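Structure first, commentary second.
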Amino acid sequence: EAGVTQFPSHSVIEKGQTVTLRCDPISGHDNLYWYRRVMGKEIKFLLHFVKESKQDESGMPNNRFLAERTGGTYSTLKVQPAELEDSGVYFCASSQDETDSYNEQFFGPGTRLTVL
Amino acid sequence: RKEVEQDPGPFNVPEGATVAFNCTYSNSASQSFFWYRQDCRKEPKLLMSVYSSGNEDGRFTAQLNRASQYISLLIRDSKLSDSATYLCVVNTNSGYSTLTFGKGTMLLVSP
């Protein structure tokens with residue numbers, strides 16, 4: 001079974017440009033999460049989808065970030081316009097059953113974003 | 001105060017050593033607890049869930065003390081392949097899984 005996949009693996013853009021990150025969760029996983037690790041800091045939660053609905057977006061840094069999950073399958077995270085502080089590794093994760101708080105989240109390999 | 005705090009590390013140990021990782025969390029309402037392992041420039045992967053009764057998986061033992069809000073991970077008979085960053089992770093959301101990560105402790109096992 002394929003794991004969580006993310007595209008691109010790396011992205012280098014200039015300040016002010018737009019970047020769109022994509023995440024394909026494990027097939028059948030209704031829950032999809034975005035996390036981010038900024039250099040020198042811990043991994044931080046950004047938002048959580050249940051199917052196509054945003055369950056929790058409390059971690060989104062500001063309105064330059066827009067996440068979508070049309071059709072409840074893959075998700076995109078768009079940063080527009082990108083700022084220097086947006087540089088970091090963006091991880092996507094998916095899980096199956098949210099009724100169990102010990103339900104495992106499976107992480108994708110991440111997208112390393114560098115804003116120059 | 002950070003929500004999840006870990007030993008800063010790195011820990012440098014010889015093969016065969018026993019190494020202990022400590023973690024504290026600030027939210028007493030936290031629901032579930034995990035240790036994840038992250039290899040260099042890779043994604044985090046679940047190593048162990050941590051239950052109140054404590055649990056063991058081969059060379060790995062995890063303990064949870066809810067009263068002290070403290071989590072530990074013990075690795076016995078360290079292998080070179082154990083070299084990685086160990087992340088203490090807490091689910092602080094009672095409704096859904098919102099994972100809160102510690103900064104991680106790097107372990108380097110040398111021959």
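Mind checking which of B:49, B:97, B:30 has the largest fluctuation in a GNM of chain B, springs on alpha carbons under 10 Å?
Highest fluctuation of the listed residues: B:97.
Apply 1/(1 + (r/R0)^6) to the Cβ-Cβ distance of residue A:63 and residue B:52, taking R0 = 45 Å, and write down the FRET efficiency to the nearest 0.05.
Values: r = 41 Å, r/R0 = 0.90.
The calculated FRET efficiency here is 0.65.
Of all the stretches in chain B, which is the longest one without any exposed loop site, taking trypsin sites (Lys or Arg not before Pro) in a DSSP loop (any state but H, G, I, E, B) with at most 15 other Cβ atoms within 10 Å?
Looking at chain B, B:3-40 is the longest stretch - no exposed trypsin sites (Lys or Arg not before Pro) with at most 15 other Cβ atoms within 10 Å.
Can you tell me the relative contact order of chain B? Whole percent, Cα pairs under 8 Å, sequence separation 6 or more.
About 37 percent, as a whole number.
For the pair residue A:96 and residue A:53, what calculated FRET efficiency results from E = 1/(1 + (r/R0)^6), where r is the Cβ-Cβ distance and R0 = 22 Å, to the nearest 0.05?
Approximately 0.85, to the nearest 0.05.
Roughly how many debye, to the nearest 20, is the charge dipole of the protein assembly as shown about its Cα centre, given +1 on each Lys and Arg Cβ, -1 on each Asp and Glu Cβ, and no other charges?
With only Lys, Arg, Asp and Glu charged at Cβ, the dipole is about 520 debye.
When the dipole is taken about the Cα centre of segment B:22-111, and only Lys, Arg (+1) and Asp, Glu (-1) are charged at their Cβ, what size is it in debye, to the nearest 20? Present the calculation step by step, with values, prior to reporting the outcome.
Values: 9 positive and 6 negative charges, 30 e Å.
For this selection, approximately 140 debye.
Just want the answer: with Cβ charges of +1 for Lys and Arg and -1 for Asp and Glu, which residue in A:11, A:92, A:23 is farthest toward the dipole's positive end in chain A?
Sorting the options by dipole projection puts first A:11.
Evaluate the Kirkwood expression for the hydrodynamic radius of segment A:45-105, namely the inverse of the mean inverse distance over all pairs of different C-alpha atoms, and round to one decimal in Å.
Answer for segment A:45-105: a Kirkwood hydrodynamic radius of 12.9 Å.
Separation of segment A:60-102 and segment B:63-111 by C-alpha centroid, Å?
Their Cα centres are 24 Å away from one another.
Return one quarter of the surface area of the convex hull spanned by the alpha-carbon atoms of chain B, equal to its mean projected area, in nm².
On the way: hull surface 27.2 nm².
Computed as one quarter of the Cα hull surface, the answer is 6.8 nm².
What percent of all Cα-Cα pairs in chain A falls in each 10 Å bin, counting up from 0?
15, 49, 29, 6, 0
Give, in nm to one decimal, the length gained when the segment between residue A:27 and residue A:103 is fully stretched (0.36 nm per residue of separation minus the Cα-Cα distance).
Contour length minus Cα-Cα distance gives 25.8 nm.
Using the Cα gyration tensor of segment B:29-78, with a ≥ b ≥ c the square roots of its eigenvalues, what is the shape: rounded (a/c below 1.5), prolate (a/b larger than b/c) or oblate (neither)?
Details: a/c = 2.38, a/b = 1.36, b/c = 1.75.
Oblate, because a/c is 1.5 or more while a/b does not exceed b/c.
Using R₀ = 45 Å, calculate the FRET efficiency as 1/(1 + (r/R₀)^6) where r is the Cβ-Cβ separation of residue B:1 and residue A:2; round to 0.05.
Numbers: r = 40 Å, r/R0 = 0.88.
Here the calculated transfer efficiency is 0.70.
Just for the Cα atoms in the protein assembly as shown, what are the lengths along the principal axes, largest first, rounded to whole Å?
On the principal axes, the protein assembly as shown reaches 49, 39, 38 Å in Cα extent.
Can you compute the charge dipole magnitude of segment A:71-116 about its Cα centre, using +1 on each Lys and Arg Cβ and -1 on each Asp and Glu Cβ, nothing else charged? Give it in debye, rounded to the nearest 20.
280
Given chain A, what percent of its DSSP beta bridges are antiparallel, to the nearest 5?
Here the antiparallel bridges make up roughly 90 percent for chain A.
Based on the alpha-carbon set only, what is the convex hull volume of segment A:22-80 divided per residue, in Å³?
On the way: hull volume 5.1 nm³, N = 59.
Once divided by residue count, the hull of segment A:22-80 is 87 Å³.
A short reminder: the numbers here are calculations on the coordinates, not readings from a lab. Only a predicted model underlies this, so the values are computations on that prediction, with no experimental measurement involved. Don't worry about glycine lacking a Cβ; one is built from the backbone with ideal geometry, like all the others, and counts go over all protein chains shown.
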